[in-house]
Amino acid sequence: MKDKFEFAQDLIRQAVTYVRNRMTEDLQIEEKTRFDDLVTNIDKDTQDFMVSRIQANYPDDYILGEENDLYHDVKEGHVWVLDPIDGTVNFIAQGRDFAVMIAYYEEGLGKFGLIYDVTGGNLYSGGGQFEVTCNGKPLSSYQNRPLFRQLLGANGRMYADNYLGLADFAQELLGVRVLGSAGISMSRVLEGQLFGYCSSISPWDYAAASIMGEKLGYELLTMTGEPLDYKSRQAVMFIPKAEVARVKKVIHK
């Protein structure tokens with residue numbers, strides 16, 4: 001497992017370099033499901049680059065990727081979960097606050113995850129048997145603090161609509177931050193900068209953080225109490241395990 005973890009760290013660094021080297025290009029932008037669900041040629045090319053490296057080194061492994069309808073059930077075999085650019089709208093509109101993400105599963109068990117904040121220069125990695133770190137510095141497990149001294153990360157539309165009482169719960173906290181990237185938001189949860197994160201996201205958006213979060217005392221669960229299916233977009237919350245019951249009193253109705 002150590003060899004694969006080291007390979008993954010090398011791969012994500014290469015993918016980040018690949019993206020950085022192409023950020024000055026004119027982007028080819030396509031709409032997927034709606035006007036704000038976008039993909040660029042660099043998203044697709046970066047995933048192709050990552051897939052080619054994995055297939056060359058681990059030809060018997062499977063891949064679940066965001067782009068190009070690349071699907072495989074994480075519960076079956078050895079599976080790499082890839083998000084070549086998480087926060088594509090940020091990437092297009094701002095050129096910052098986006099991430100490259102990798103997660104690795106064996107028969108449904110998360111072995112490690114990686115999130116690379118491309119413009120911030122931070123690599124979060126670990127989970128499973130590996131210590132969770134940011135740029136090699138160990139991250140601490142969740143430290144209990146009063147809710148009114150903490151911030152919540154959230155999807156802006158869900159917060160505005162008070163989805164399942166999300167805005168009601170947010171009133172117990174210091175404030176809400178909408179960052180536009182699941183990877184960036186969840187990495188800040190891992191660092192203790194955000195209490196938690198609520199959004200409607202897909203497996204490639206949450207896989208890496210969920211593996212690392214498990215190691216640090218966080219839990220990823222749906223906002224309606226259903227199990228995660230690791231197949232479709234679901235409304236989820238990534239919160240401290242110690243606070244699940246408290247949060248459910250407001251959000252989980």
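The values are calculated or read from the model by the stated rules, or taken from the named source; none is laboratory data. These numbers were taken from a predicted model, which means no experiment stands behind them. As a convention, Cβ positions derive from the backbone with ideal geometry for all residues, glycine included, and neighbour counts pool all protein chains shown. Areas reflect the complete protein model, heavy atoms only, side chains present, ligands, DNA and RNA absent. Shrake-Rupley method; radii C 1.70, N 1.55, O 1.52, S 1.80 Å.
Tell me, which residue of segment 169-182 that is touching a residue at least 40 places away in the same chain (Cβ under 8 Å) and among the small types (Gly, Ala, Ser) is surrounded by the most Cβ atoms within 10 Å (Cβ to Cβ)? Quick ask: steps written out before the conclusion?
Narrowing segment 169-182 to residues touching a residue at least 40 places away in the same chain (Cβ under 8 Å): 169, 172, 179-182.
Adding the requirement that they be among the small types (Gly, Ala, Ser) leaves 180-182.
On the way: 180: 18, 181: 26, 182: 28.
The qualifying residue surrounded by the most Cβ atoms within 10 Å (Cβ to Cβ) is 182.
Would segment 161-168 turn up any residue that is under 10 Å from the mean Cα position of the chain (by Cα) and buried (at least 16 other Cβ atoms within 10 Å of the Cβ)? Steps first, answer last, please.
If we filter segment 161-168 for residues that are under 10 Å from the mean Cα position of the chain (by Cα), which is where we start, we get none.
No, because not a single residue in segment 161-168 is under 10 Å from the mean Cα position of the chain (by Cα) and buried (at least 16 other Cβ atoms within 10 Å of the Cβ).
Rundown of residues vs (1) hydroxyl-bearing (Ser, Thr, Tyr); (2) in contact (Cβ under 8 Å) with a residue 24 or more places away in the chain; (3) at positive phi; (4) in a loop (DSSP other than H, G, I, E, B), yes/no style:
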position: 6; (1), (2), (3), (4): no, no, no, no
position: 27; (1), (2), (3), (4): no, yes, no, yes
position: 64; (1), (2), (3), (4): no, yes, no, no
position: 91; (1), (2), (3), (4): no, yes, no, no
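Among the residues that make up segment 80-88, is at least one of them open to solvent by 10 Å² or more (accessible area, probe 1.4 Å) and over 14 Å from the mean Cα position of the chain (by Cα)?
No - not one qualifying residue is present in segment 80-88.
If you take the residues of segment 13-40 that are more than 16 Å from residue 87 (Cα to Cα), modelled with pLDDT of 90 or more and not charged (D, E, K, R), which of them is farthest from the chain's Cα centre (by Cα)?
Top of the filtered list is 21.
Restricting to segment 220-253, give me the number of residues that are surrounded by fewer than 18 Cβ atoms within 10 Å (Cβ to Cβ) and in a strand (DSSP E or B).
Residues meeting the conditions: 1.
Has segment 54-77 got at least one residue that is among the aromatic types (Phe, Trp, Tyr), at pLDDT below 95 and within 18 Å of residue 17 (Cα to Cα)?
Checked against the condition, which is being among the aromatic types (Phe, Trp, Tyr), at pLDDT below 95 and within 18 Å of residue 17 (Cα to Cα), segment 54-77 yields no hits at all.
Check 13, 20, 53 and return the single one that is out of contact with any Lys or Arg (no Cβ under 9 Å at 6 or more places or on another chain) and surrounded by fewer than 14 Cβ atoms within 10 Å (Cβ to Cβ).
Numbers: 13 fails: surrounded by fewer than 14 Cβ atoms within 10 Å (Cβ to Cβ); 53 fails: surrounded by fewer than 14 Cβ atoms within 10 Å (Cβ to Cβ).
Of the residues listed, the single one that is out of contact with any Lys or Arg (no Cβ under 9 Å at 6 or more places or on another chain) and surrounded by fewer than 14 Cβ atoms within 10 Å (Cβ to Cβ) is 20.
Check 60, 43, 86 and return the single one that is closer than 15 Å to residue 207 by Cβ and of a type outside the set (Phe, Trp, Tyr).
Just one listed residue meets the conditions, 86.
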